[in-house]
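Each reported figure results from applying straightforward, stated rules to the coordinates on display, with no laboratory input. Note that this is a predicted model, so its numbers are computed, not measured. As a convention, Cβ positions derive from the backbone with ideal geometry for all residues, glycine included, and neighbour counts pool all protein chains shown.
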Amino acid sequence: MDVPVDSLYEGSNGHYYTDCQIARRLRTERWKPCIRQRDPDRRLVETGDGNLLLLIPTDTLPEWAELRIDDRGARIVDTRGPLPK
């Protein structure tokens, strides 16, 4: 992958995040850091609604996840679209 992204993370909530997304959410206090383990690298954060979210590094994204880069930085987008009603 030849893009300005250092790391990709898989969340225990089924979503994927770039290091840029994680840093922004921690910086803006949408998430609060709880525990960080370095070997193996794992992060546990508290989300804005009070839930715990485990983030684990990954090298691959599922087919439905797309890496997009714009003026806000790099982010993962779910391309599956809304579920039918």
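Some notes on this structure:
- If you wrap the Cα atoms of the chain in a convex hull and average its projected area over all directions, you get 6.7 nm².
- Separation of the SER7 and LEU52 label points, Cα + 7 Å toward Cβ, nm: 1.9 nm
- Fully extending the segment from ARG72 to LEU44 would add 7.7 nm, taking 0.36 nm per residue of separation and subtracting the current Cα-Cα distance.
- A simple packing score, the average count of other Cβ atoms within 10 Å per residue, orders the peptides 18-27, 72-81, 34-43 as 18-27, 72-81, 34-43, with the highest score first.
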